[in-house]
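Take a look at the structure set out below.
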Amino acid sequence: MDTNDSLFDRARRSIPGGVNSPVRAFGSVGGAPRFMKRAQGPYMWDEDGKRYIDYICSWGPMILGHNNPEVIEAVHQAVDMGLTFGCATAREIAIAEEIKKIMPSIEEVRLVSSGTEAGMSAIRLARGFTGRNKIIKFEGCYHGHSDSLLVKAGSGMLTFGNPSSAGVPASVTEHTLVLEYNNCEQLEDAFKQYGNDIACVIVEAIAGNMNMVPGKPEFIHAMRELCTQYGALLIVDEVMTGFRVALKGAQSLYQVTPDITMFGKVIGGGMPVAAFGGRRDVMEKIAPCGPVYQAGTLSGNPVAVACGLKTLQLIQADGFYDRLSRQTSRLMKGLKAAADEAGVPFAAQSIGGMFGIYFLDELPQGFSDVMKSNTQRFNVFFHEMLDQGVHLAPSVFEAGFVSIAHDDAVIDETIEKAKKAFAKVAETM
């Protein structure tokens, strides 16, 4: 019988690094990744038959928990009608209408298959609409692995960034300016210097790929005002936060209206569905209405859309987000208390069903703060929790997620196991 170790060895003979997405390789924490076989509610089971409380939730989509019966039934019904047609379907209209109903900033929406595709398409649209080339992104924010977004900061923050991946020519990133997250002064200076050439600003209002770091309200509002003043478009990346931190996303918490919004994860309910949408005059620059080309063979796949549509319907139940926020906050308070009892420097926070845990003395404000995290202590904590059957994100730089299926008993069990894990960490200090 295959074990996690033997499966990892086998995978590395056929798949680069043994995985199809890098963080799954446990490169940051060491050891062999767990190969999952099935999931139900707040739990996953690996190929060895071991059960884990799941705080990855497929990196956000499983807000209802795994295998919600109503979602599964909707998928089965769609499968019985056909897997894909390569033609328009009524269900595509239904999910677009549902997104519009929930999100006031959306007048038209285009479905795609991944957050990366949404990001690259949104930027192309912004450039096509404005006739400009330059874009602003922020250090520590991740918007998919398209070439122009794989950029690290230059030697000075008001110089254009350098490629952060092999295979990306410098000429592709020469128009990408990388600034510090939550730094209003740099943002204002960038617009003073390049404002008439900036097509868009792209941002995670609540960053989730340098662990969870919320944007400061004045930072988010400054970019809205500057984009309006200089005729640039504001793209808010809600691939992770959309329908996750609140029903109407992070933009509702900041009371900011983007020109374009990117969606993913929750809108697919576990299937590969993503989207970008916004103002009608902007969206109608997309082909076939306008000159900005974008296409996708499996965009709006009927089975995937059925999964996402049912998920969007179910999360609108009365009290859903109050309960989700309460459970996530309860988990964070329990972890913080357990760390304090063990004498381990630790900080934690949550927004809706998304959370960040940090082996730091205080909450981080940006990428440079997160980089100060004590990775050795995190790794000890991670493996101790994993051994006890709690699966956290295998990196100190990733946010975590709670589903509505994580009830009081699951949260309490997690906190009790965390007490043992923090005690183990304390032994290493």
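The values are calculated or read from the model by the stated rules, or taken from the named source; none is laboratory data. This structure is a prediction, so every number in the text was calculated from the model and none was measured. We place every Cβ from the backbone using ideal geometry, glycine too, and count neighbours over all the protein chains shown. Note: areas computed on protein heavy atoms with side chains; ligands, DNA, RNA excluded. Shrake-Rupley method; radii C 1.70, N 1.55, O 1.52, S 1.80 Å.
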Open item on the list: Looking at (1) closer than 30 Å to Gly249 by Cβ; (2) modelled with pLDDT of 95 or more; (3) open to solvent by 30 Å² or more (accessible area, probe 1.4 Å), which one does Pro22 not meet, given that it meets all the others?
Closed with: (2)
- [ ] Filter segment 414-429 for residues that are out of contact with any Lys or Arg (no Cβ under 6 Å at 6 or more places or on another chain) and open to solvent by less than 50 Å² (accessible area, probe 1.4 Å) and give the result.
- [x] Thr414, Ile415, Lys417, Ala418, Ala421, Phe422, Ala423, Ala426
TODO: Taking the options Ala94, Ala39, Ala118, name whichever one is buried (at least 20 other Cβ atoms within 10 Å of the Cβ) and at pLDDT 95 or above.
DONE: Ala118
TODO: State all residues of segment 1-18 that are closer than 23 Å to Glu384 by Cβ and surrounded by fewer than 18 Cβ atoms within 10 Å (Cβ to Cβ); if no residue qualifies, say none.
DONE: Thr3, Asn4, Asp5
TODO: Only one of these is polar (S, T, N, Q) and without any contact (Cβ under 8 Å) to a residue 40 or more places away in the chain: Gln294, Gln251, Gln255. Name it.
DONE: Gln255
Open item on the list: Looking for something farther than 29 Å from Lys417 by Cβ, assigned to a loop (DSSP other than H, G, I, E, B) and among the β-branched types (Val, Ile, Thr) - is there at least one such residue anywhere in segment 73-91?
Closed with: yes
Open item on the list: I'm told Pro291 meets every condition in (1) more than 21 Å from Glu107 (Cβ to Cβ); (2) more than 18 Å from the chain's Cα centre (by Cα) except one. Can you identify the failing condition by its number?
Closed with: (1)
- [ ] Keeping to segment 187-201, report how many residues are among the charged types (D, E, K, R) and either under 9 Å from Ile135 (Cα atoms) or assigned to a strand (DSSP E or B) (or both).
- [x] 1
TODO: Go over the candidates Asn182, Asn209 one by one and state the one that is part of a loop (DSSP other than H, G, I, E, B) and either in contact with a helix residue (DSSP H, G or I) (Cβ under 6 Å, 6 or more places away or on another chain) or open to solvent by less than 10 Å² (accessible area, probe 1.4 Å) (or both).
DONE: Asn182
TODO: Report, by residue number, each residue of segment 379-395 that is under 21 Å from the mean Cα position of the chain (by Cα), under 16 Å from Lys336 (Cα atoms) and either open to solvent by less than 10 Å² (accessible area, probe 1.4 Å) or without any contact (Cβ under 8 Å) to a residue 40 or more places away in the chain (or both).
DONE: Phe382
Open item on the list: Taking the criterion of being open to solvent by less than 30 Å² (accessible area, probe 1.4 Å), over 20 Å from the mean Cα position of the chain (by Cα), β-branched (Val, Ile, Thr) and farther than 24 Å from His66 by Cα, would at least one residue in segment 338-354 satisfy it?
Closed with: yes
Open item on the list: For the condition outside any helix (DSSP H, G or I) and either of a type in the set (Lys, Arg) or open to solvent by 70 Å² or more (accessible area, probe 1.4 Å) (or both), what is the one hit in Lys137, Lys101?
Closed with: Lys137
